[in-house]
Amino acid sequence: MYSEQCYKLGSNRSAIRELFEYGKQRAAIVGKENVYDFSLGNPTIPAPACVKEAIVELLETTSSMEVHGYTSAQGDAELREALAQYYNNTYGTKFHADNYYITCGAAASLCISFRALTESKEDEFIAIAPFFPEYRVFVEGNGAKLRVVKPDTENFQINMKELEEAINEHTKGVIINSPNNPSGVIYSKETIEKLAALLEAKSKELGRTIFLISDEPYREIAYDGVEVPYVTKYYANTIVCYSYSKSLSLPGERIGFVLVPDEVTDSRNVYYAMCGAARALGFVCAPSMFQKVLIKCLGQVGDINLYKTNRDILYKGLTELGFECVKPQGAFYMFVKAMGGDSAVFCEKAKALDLLLVAADGFGCPGYVRISYCVDKEMIERSMNAFKKLAEQYI
């Protein structure tokens, strides 16, 4: 009567969303100020002023049809040309408009990519733990399998030995996410160079192209001058999936892109496969008005110093209480070792104190929890007493 797979996905929220909904219920009972919800990665800094200015200008000076009508299926030509120029000027690349397909955010970009690159049900994509749990849904929902590489819990870079062992004749691609959700770590230039060398060697050995899918919604959210390497400059067969949800604080507007550089093997046909996948999935013509807003806002970013302040307050407070934390280099998540070793038990103890933390088992990294600090600074400060009570249960 219906798809059992889709029923399971629809009838069960993700653990993160479930916790977020629980937080709303608790807030109605005990008051919002008494619930410390660190569950969802929902940007809280204001969008840059250019976003409002662009919207107002468009609505006041442009015809309704032009603002709200369909664009070309792959996106507005002016935006795609502007993207190419911006990235070429910023990273020294040689992109052009027809390397870009405009999408409804990073989730759409990833689903399009997995659908376009999957040829058989035996095909595999490799995720490197810790990784965003929806990768499994996106990969399996588009007909392939997800293989997971164990985390490097010493540095949270890439465990190259594990990755090399995971690559096989069914490998279609490797997914990376840097700055990383959930660890906040940025893959170093050395890591990217080693990864590129490994993928080049394995592609040659196996006689097939292994794609690198770079999921980059947090690219601009980096602290302390840490470089986020632009991956296409290191590995030719890189597909970039990007979203403006985080850099422009527009998560509800669902706007992003897929980039297929000319350097990709058989790039034109890969790009057409992206177009076909988007058509099959119903992801043609991303929101028209926000395509036009992007033209006027390329290179702009919200005030990430607000996130950095939150990071510093949280890191200092937790480490002083005895928690073992990975200090984030980017994004807006802190990865914390669960006292007692069992992240599920740890999170339940936290929940009893109205501290809503996400167990990292679903991220492929048991024994850790994710704390999303894109929240009000005052909430972090209020939460410290609850964290103190949590720590006291273990010390």
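Some observations on this one:
- Number of residues in segment 21-59 that are without any contact (Cβ under 8 Å) to a residue 24 or more places away in the chain and in a helix (DSSP H, G or I) equals 11.
- Only one entry of Ala280, Ala236, Ala222 meets the criterion of being assigned by TED's automatic domain parsing to the domain that holds Gln85 and within 19 Å of the chain's Cα centre (by Cα), and that entry is Ala222.
- Scanning segment 146-166 for residues that are out of contact with any strand residue (DSSP E or B) (no Cβ under 7 Å at 6 or more places or on another chain) and in a loop (DSSP other than H, G, I, E, B) turns up Lys150, Pro151, Asp152, Thr153, Glu154, Asn155, Gln157.
- Single match in Phe131, Phe114 (criterion: surrounded by 24 or more Cβ atoms within 10 Å (Cβ to Cβ), within 14 Å of Leu281 (Cα to Cα), assigned by TED's automatic domain parsing to the domain that holds Met289 and of a type in the set (Phe, Trp, Tyr)): Phe114
- Take the conditions (1) part of a loop (DSSP other than H, G, I, E, B); (2) touching a residue at least 60 places away in the same chain (Cβ under 8 Å); (3) among the aliphatic types (A, V, I, L, M); Val264 misses just one of them, which is (2).
- Apart from one condition, Leu9 fits all of (1) at pLDDT 85 or above; (2) within 23 Å of the chain's Cα centre (by Cα); the exception is (1).
- Failed criterion for Met1 (all others in (1) outside any loop (DSSP other than H, G, I, E, B); (2) at pLDDT below 90 hold): (1)
- Of all residues making up segment 91-111, the number that are part of a helix (DSSP H, G or I) and either over 13 Å from Glu253 (Cα atoms) or hydrophobic (A, V, I, L, M, F, W, C) (or both): 10
- Candidate set: segment 12-27, residues that are of a type in the set (Lys, Arg) and within 23 Å of the chain's Cα centre (by Cα); chosen: the one nearest to Lys349 (Cα to Cα): Arg17
To keep it simple, each residue is scored yes or no on (1) under 16 Å from Phe211 (Cβ atoms); (2) modelled with pLDDT under 95; (3) part of a loop (DSSP other than H, G, I, E, B).
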position: Asp224; (1), (2), (3): no, no, yes
position: Ala236; (1), (2), (3): yes, no, yes
position: Phe257; (1), (2), (3): no, no, no
position: Val270; (1), (2), (3): yes, no, no
position: Met274; (1), (2), (3): yes, no, no
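- Scanning segment 180-219 for residues that are out of contact with any strand residue (DSSP E or B) (no Cβ under 9 Å at 6 or more places or on another chain) and in a loop (DSSP other than H, G, I, E, B) yields Ser188, Gly207.
- Some residue of segment 353-360 being farther than 26 Å from Ile128 by Cα, under 21 Å from the mean Cα position of the chain (by Cα) and either in contact (Cβ under 8 Å) with a residue 12 or more places away in the chain or not assigned by TED's automatic domain parsing to the domain that holds Glu216 (or both): no
- For segment 361-384, the tally of residues that are closer than 13 Å to Leu19 by Cβ and surrounded by 21 or more Cβ atoms within 10 Å (Cβ to Cβ) stands at 4.
- Enumeration of residues in segment 291-325 that are free of Cβ contacts under 8 Å to residues at least 12 places away in the same chain and under 30 Å from Ile55 (Cβ atoms): Asn305
- Enumeration of residues in segment 276-290 that are without any contact (Cβ under 8 Å) to a residue 60 or more places away in the chain and assigned to a helix (DSSP H, G or I): Phe290
The values are calculated or read from the model by the stated rules, or taken from the named source; none is laboratory data. No experiment lies behind these values; they were computed from the predicted model shown. Note that we place each Cβ from the backbone using ideal geometry, even for glycine, and neighbour counts take in every protein chain shown.
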